[in-house]
Amino acid sequence: MRNWRDRVVLAYIEEPPFGASDERGFATGSDIELAEEILHAIGVHTVECKLTTFSELLPGVAAGQWDINVPLFVTAERAALVAFSLPVWALHDGFLVRAGNPKHLTSYDALARTSDAQLGVITGQVQHDAARRAGVPETRIKQVEHQQEAIDALLEGRIDAYASTALGNRTLVQRIGDTVVCAVSHDLMEAATHAPPKGAFSFSKANVDLRREFDLHLRKYLGSPDHRDRMGRYGLTATEIDPVVVD
């Protein structure tokens, strides 16, 4: 295995504000910036960002095709395949819907009760499982590989809601425009009874040294003024950060 201090390859997906490609094709986003900050702090000379799809993230890093993935929600099933870092954010789900929310879709339960409502999800993401647990039948769930496919399906009326993180959907509204789409947060309904799920970077289980060094510095950095300031520029607040700060 090559020396990770020379070069680390970070895989990301198009999912603003966490990761995206700017107009020049360079990777940007809150998760990208956090990873680069920690990797450079532990002595990595070069961080190379690789755009991929969500379905390729776990098998790719597990097979050593790259060194680290941007954060995704931690589950027992995923932890059987990869080694996770300390959690770096905690996020509730939400819907992206057409402006005015014509079918009044305010939760997975509400969508399940609306017999003609169609939901879009990214294949393999936890929102698919959440919808199924709420009783949304598989026949009313459209799986896509890329976020833009879900947005296109929503705008064209092929789905009625796209399920993702509430924060990510608010970012999409800023990009697309609130006269076209709106974000429906599930936070107020879920916060009283459910802690928000946490997300973390992931590594090959064989990449022990890199993960150990990464976590050592991450533990010191999470919740620091610099961390909060950097993440705040992408819309992450104490609500998303405080649940993962280690005392």
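Would you say residue 205 is surrounded by fewer than 22 Cβ atoms within 10 Å (Cβ to Cβ), in a helix (DSSP H, G or I) and on the phi < 0 side of the Ramachandran plot? In short, no.
Please work out if residue 40 is in contact (Cβ under 8 Å) with a residue 24 or more places away in the chain and not hydroxyl-bearing (Ser, Thr, Tyr). Spelling it out, it is not the case that residue 40 is in contact (Cβ under 8 Å) with a residue 24 or more places away in the chain and not hydroxyl-bearing (Ser, Thr, Tyr). In a residue-by-residue description of the stretch 118-132, the property of being more than 21 Å from residue 12 (Cβ to Cβ), among the polar types (S, T, N, Q) and either within 18 Å of the chain's Cα centre (by Cα) or surrounded by 15 or more Cβ atoms within 10 Å (Cβ to Cβ) (or both) applies to at least one position.
The number of residues in the stretch 41-80 that are more than 18 Å from the chain's Cα centre (by Cα) and farther than 19 Å from residue 18 by Cα comes to 11.
Just for the stretch 22-52: of the residues that are among the small types (Gly, Ala, Ser) and touching a Gly at 6+ places or on another chain (Cβ under 9 Å), which one is farthest from residue 89 (Cα to Cα)?
Among those that are among the small types (Gly, Ala, Ser) and touching a Gly at 6+ places or on another chain (Cβ under 9 Å), it is 27.
When the stretch 147-165 is filtered for residues that are without any contact (Cβ under 8 Å) to a residue 60 or more places away in the chain, more than 16 Å from residue 54 (Cβ to Cβ) and buried (at least 23 other Cβ atoms within 10 Å of the Cβ), the ones remaining, listed by number, are 154, 159. In this entry, residue 60 passes the filter for residues that are over 24 Å from residue 246 (Cβ atoms), among the small types (Gly, Ala, Ser), in contact with a Phe, Trp or Tyr (Cβ under 8 Å, 6 or more places away or on another chain) and surrounded by fewer than 23 Cβ atoms within 10 Å (Cβ to Cβ).
The residue of the stretch 133-146 that is surrounded by the fewest Cβ atoms within 10 Å (Cβ to Cβ), among those that are among the β-branched types (Val, Ile, Thr) and farther than 16 Å from residue 157 by Cβ, is 139. Among the residues of the stretch 84-91, are any aliphatic (A, V, I, L, M), in contact with a Pro (Cβ under 9 Å, 6 or more places away or on another chain), within 20 Å of residue 181 (Cβ to Cβ) and outside any helix (DSSP H, G or I)? Yes, the stretch 84-91 has at least one match. Got at least one residue in the stretch 74-82 being assigned by TED's automatic domain parsing to the domain that holds residue 13, crowded, with 19+ Cβ neighbours inside 10 Å and in contact with a Ser or Thr (Cβ under 7 Å, 6 or more places away or on another chain)? Yes: the stretch 74-82 contains one or more residues that are assigned by TED's automatic domain parsing to the domain that holds residue 13, crowded, with 19+ Cβ neighbours inside 10 Å and in contact with a Ser or Thr (Cβ under 7 Å, 6 or more places away or on another chain).
For the stretch 29-66, name all the residues that are among the hydroxyl-bearing types (Ser, Thr, Tyr) and touching a strand residue (DSSP E or B) at 6+ places or on another chain (Cβ under 7 Å). Please lay out each step first, then the result.
If we filter the stretch 29-66 for residues that are among the hydroxyl-bearing types (Ser, Thr, Tyr), which is where we start, we get 30, 46, 52-53, 55.
Residues satisfying the conditions are 46, 52.
Restricting attention to the stretch 222-238, report how many residues are touching an Asp or Glu at 6+ places or on another chain (Cβ under 9 Å), surrounded by fewer than 16 Cβ atoms within 10 Å (Cβ to Cβ) and hydroxyl-bearing (Ser, Thr, Tyr). Total satisfying the criteria: 0.
Tell me, which residue of the stretch 184-201 that is in a strand (DSSP E or B), within 16 Å of the chain's Cα centre (by Cα) and at pLDDT 90 or above is farthest from residue 241 (Cα to Cα)? Talk me through it step by step, then tell me what you get.
Quick first cut of the stretch 184-201, residues in a strand (DSSP E or B) only: 184-185, 198-201.
When the remaining residues are screened for being within 16 Å of the chain's Cα centre (by Cα), the result is 185, 198-201.
Then drop every residue that is not at pLDDT 90 or above, which leaves 198-201.
Numbers: 198: 10, 199: 11, 200: 12, 201: 15 Å.
Taking the candidates together, the pick is 201.
Within the stretch 52-80, can you find the residues that are free of Cβ contacts under 8 Å to residues at least 40 places away in the same chain and either of a type in the set (A, V, I, L, M, F, W, C) or touching a helix residue (DSSP H, G or I) at 6+ places or on another chain (Cβ under 7 Å) (or both)? 76, 79, 80, listed by residue number.
The values are calculated or read from the model by the stated rules, or taken from the named source; none is laboratory data. This is a predicted model, so every value here is computed, not measured. Methodologically, a virtual Cβ is constructed for each residue, glycine included, from the backbone with ideal geometry; neighbour enumeration extends over all protein chains shown.
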